[in-house]
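One structure is given here, and the rest of the page talks about it.
Coordinate-derived values only; no laboratory data. Note that the structure is a prediction, hence the values are computed from the model and not measured. Please note: Cβ atoms are built from the backbone with ideal geometry, for glycine as well, and neighbour counts cover all protein chains shown.
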Number of protein chains: 2
Amino acid sequence: MSAEKPRGAVTASDVAQLAGVSRSAVSRTFTEGASVAPETRERVMQAARDLGYRVNFLARSLKEQRTRLIGLVVSDMDHSLRAHLVDSLGRALVAADYRPFLLPTSRGEDTRRAIDMMLHYNVSGAIVTSDASPQAIAAECARHDVPLVLVNKAEMGGRVANVTQDTEAAGRLAAEALAEAGCRRVVLARQRLPSYTIDLRCDAFAAHLPRLGLKLVATVEGEAQNYAGGQEAGAAFLARRPEADGVYCANDFLALGFMDHLRRRGVSIPDELAIVGCDDIAEAGWDAYDLTTVRQPVEALTQATLQALLTCIADRNARPGLTTIGVDLVRRNSTARS
Amino acid sequence: MSAEKPRGAVTASDVAQLAGVSRSAVSRTFTEGASVAPETRERVMQAARDLGYRVNFLARSLKEQRTRLIGLVVSDMDHSLRAHLVDSLGRALVAADYRPFLLPTSRGEDTRRAIDMMLHYNVSGAIVTSDASPQAIAAECARHDVPLVLVNKAEMGGRVANVTQDTEAAGRLAAEALAEAGCRRVVLARQRLPSYTIDLRCDAFAAHLPRLGLKLVATVEGEAQNYAGGQEAGAAFLARRPEADGVYCANDFLALGFMDHLRRRGVSIPDELAIVGCDDIAEAGWDAYDLTTVRQPVEALTQATLQALLTCIADRNARPGLTTIGVDLVRRNSTARS
DNA sequence: TCAAGGCTTGCACACGAGTGCAACACCCAT
DNA sequence: ATGGGTGTTGCACTCGTGTGCAAGCCTTGA
């Protein structure tokens, strides 16, 4: 329909030429709140439409000294809760007119590279929900004055903005659910890989047992917080055969693997053994498991994270500290004693 | 340790000043293959280290006219295969020195916005693995000369680069698996929402039935390709009670919901009914399901996608057309007839 | 009619970096 | 000693955009 520029993108100068105005007028047309005559603006808009012009955000960012890019450092996307969170955060960022810049990491290794990238691109802020130890990221972000929010990484305490589930309540609710199911002797199943969040959940769980008249008779472990890890923990459980009537699995994936392993060996759930998980991933609600678990509200985490980030961006000296997101118990069949 | 710049990032000029050289020398130090004396380079590197300098990629991109940003347009990240793919693609891109720019979309709606963003940022290329109809994206990318690869979106044929699973083989393998299990009368379970990939799978499945002596006695549907959709399809199946001994579910999530629904109503799998799924998501391998399914190799998809993208970027006129990724059957318990 | 004031507009500089060109230093061979 | 060649360096321009400043126009009031 219109003359196509053969090479390179169309710039504000091209639009200016076609509209018969100066480049400044074009720039002002696309700048919120700038002073342009309505008639000029319309002519510029028309020319821009004809040429398919779009403001070059790289150039704009360079001039304005802020990119509206947000580094999204994330590991273990195969954990469905993580994937859900990334999806949710991505949408929320876009809705707030920011752009998510994805930085996938493995445990620890690529972290340095991810930080490097963020600084190379002058991100306006960063969200870290990675298993990588956040100290390095936090230090580097602080040094370069990049607003940072950690999600579910409580170990940094209040020194950086931190949004985290209420791990204390998570452990407490799990203990109460087992007590409610009539358990007396319980087992803790968890991953071997270090995780501060998991540690806190487990500590809280253990701390509330005496008050409820429960006794912790064993702790079994699987390597990671996934299905295979749950199977391992299940095998460890059967190997030790502790006299127990309830198990707290500090993570849902682990719980599902644990359940499957025990059921295949003939253990009846919930009749012989009640199980409580943590996270409420979609799979926990499936008929085959119907797992009682502590729900981690992803949408609330997202909103709080965005809120904290925007606060930090608006005021470079703001220290939102720790935001705790409430969790609640989802009662299902795995603790339903007749 | 070193003087900290109070405001703003440290630039090449700062480094130049500290090292006692011109800004050009700094630029050349960080440019591959530029001519710098070893001693000068070392002095520059030292100064850069002291100041924590990093090349500003926005400025570099502006000058070099390519950003090395890749738009990653993706919907339905809560589908675990999608999440896995995004993770895998993200890592592959970073490994190839590109940067993934995440553009989450819902079905169709945000697509225009996603395209807009990509063009605003002058992305070097785009990967689309979204349920949104890709025509709009393809047209706009072509107009602005942005290399584009569609993943599992066969409907554009060979006109744009396209990496897709072998849907024909997927359907065929599923049919063969049911035949192998001794089935004679089979049912097709699928989603109601339109999807070209799913259509192709189902067509291929149906096409191979006669050759194998199988008869398609019914088609049942659920709304979406998820667990709930499978439950719906299961309910539809029981409502019609077709005389059937095998079911092909065109998607694993659907298959799992279908299995759970039928089992809860007392149907025995695989004895009364054999089930075959498609995708081989992690959950399909769990003990509770142990689903025979057609594996979609994510890693191969990723590599082929990256390959096609790099080809398009290297040669703007290249038309890699359609790349088909082989699939294979994973035999498990859901088709194991005694 | 003239002056004052408000709205638009264009010029020119800035953001941070890459690079062609010419000047320069240095080394070696003649 | 001199010429030529090689390897470094700095100047100045460029990428596409935002914006302070001053000049210009138009409107309004006296």
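List of remarks:
- When chain B is treated as a GNM with alpha-carbon contacts under 10 Å, the residue of B:VAL187, B:VAL247, B:VAL217 showing the greatest mean-square fluctuation is B:VAL217.
- For the pair B:ARG192 and B:GLN65 in one chain, pulling the backbone fully straight at 0.36 nm per residue adds 41.3 nm over the alpha carbon distance.
- Per-residue 3J(HN,Hα) values for region B:203-218, derived from phi via the Karplus relation 6.51 cos²θ - 1.76 cosθ + 1.60 with θ = phi - 60°, read 4, 4, 4, 4, 5, 8, 4, x, 3, 9, x, 9, 10, 7, 9, 6 Hz in sequence order (x marks Gly and Pro).
- Residue exposure proxy: B:ARG241, A:ARG240, ordered by other Cβ atoms within 10 angstrom of their Cβ from fewest to most, comes out as B:ARG241, A:ARG240.
- Amide H contacts for B:THR323 (H built 1.01 Å from N in the peptide plane; partners 5 or more residues away or on another chain; cut-off under 5 Å): B:ASN162, B:VAL163, B:THR164.
- Region B:311-325 - phi-based ³J(HN,Hα) in whole Hz, Karplus 6.51/-1.76/1.60, Gly and Pro as x: 4, 5, 6, 5, 10, 4, 9, 5, 10, x, x, 9, 10, 9, 9
- Each Cα pair of chain B feeds into the Kirkwood radius, which the Stokes-Einstein equation turns, at 20 °C and 1.002 mPa s, into a diffusion coefficient of 95 µm²/s.
- For region A:79-121, the residues whose amide N sits under 12 Å from a probe point set 7 Å from the Cα of A:GLU32 along the beta carbon direction are A:96-98.
- Placing +1 on the Cβ of every Lys and Arg and -1 on the Cβ of every Asp and Glu, with no other charges, gives the protein assembly as shown a dipole of roughly 1520 debye about its Cα centre.
- In this structure, the amide hydrogen of A:GLN296, modeled 1.01 Å from its nitrogen in the peptide plane, lies closer than 5 angstrom to those of A:ASP279, A:ASP280, counting only residues at least 5 positions away or on a different chain.
- Put a plus charge on the Cβ of each Lys and Arg, a minus charge on the Cβ of each Asp and Glu, and nothing anywhere else: the dipole of region A:12-55 about its Cα centre is then about 60 debye.
- Two-site FRET efficiency, A:ARG241 against A:ASP328, from Cβ-Cβ distance with R₀ of 30 Å, rounded to 0.05: 0.35
- Proxy reagent accessibility, fewest Cβ within 10 Å first, across A:LYS153, A:LYS215: A:LYS215, A:LYS153
- Under 16 Å of direct C-alpha separation, and excluding same-chain neighbours fewer than eight residues apart, B:LYS63 reaches these aspartates and glutamates: B:GLU32.
- Structure remark: mean-square fluctuation, Gaussian network model of chain B, C-alpha springs under 10 Å; the largest value among B:LEU322, B:LEU81, B:LEU238 belongs to B:LEU238.
- A dipole drawn for the protein assembly as shown from +1 and -1 charges on Cβ atoms has a positive end, and of B:ALA177, A:TYR53, A:VAL123 the residue lying farthest that way is A:TYR53.
- Hz values of 3J(HN,Hα) by residue in region B:225-239 - Karplus curve (6.51, -1.76, 1.60), Gly and Pro given as x: 8, 9, 4, 4, x, x, 4, 4, 4, x, 4, 4, 4, 5, 4
- Local electrostatic count at B:GLU180 - Lys and Arg +1, Asp and Glu -1, tallied over other residues with Cβ under 13 Å: +3
- Residues considered: B:SER24, B:SER106, B:SER88. Largest GNM mean-square fluctuation over chain B, using C-alpha springs under 10 Å, is found at B:SER24.
- Anisotropy class of the protein assembly as shown from Cα gyration tensor, a/c 1.5 cut: oblate
- For A:GLY246, nonlocal amide neighbours, meaning residues 5 or more places apart or on other chains whose placed amide H falls under 5 Å from its own, are A:ARG185, A:VAL187, A:ALA274.
- Region B:12-55 - Rg and Dmax from Cα coordinates, angstrom: 8.9, 24
- Neighbour counting of Cβ atoms within 10 Å sorts the residues A:HIS144, A:HIS79, fewest neighbours leading, into A:HIS144, A:HIS79.
- Spacing of the two label points (7 Å from each Cα toward its C-beta) at B:ALA139 and A:SER24, in nm: 3.9
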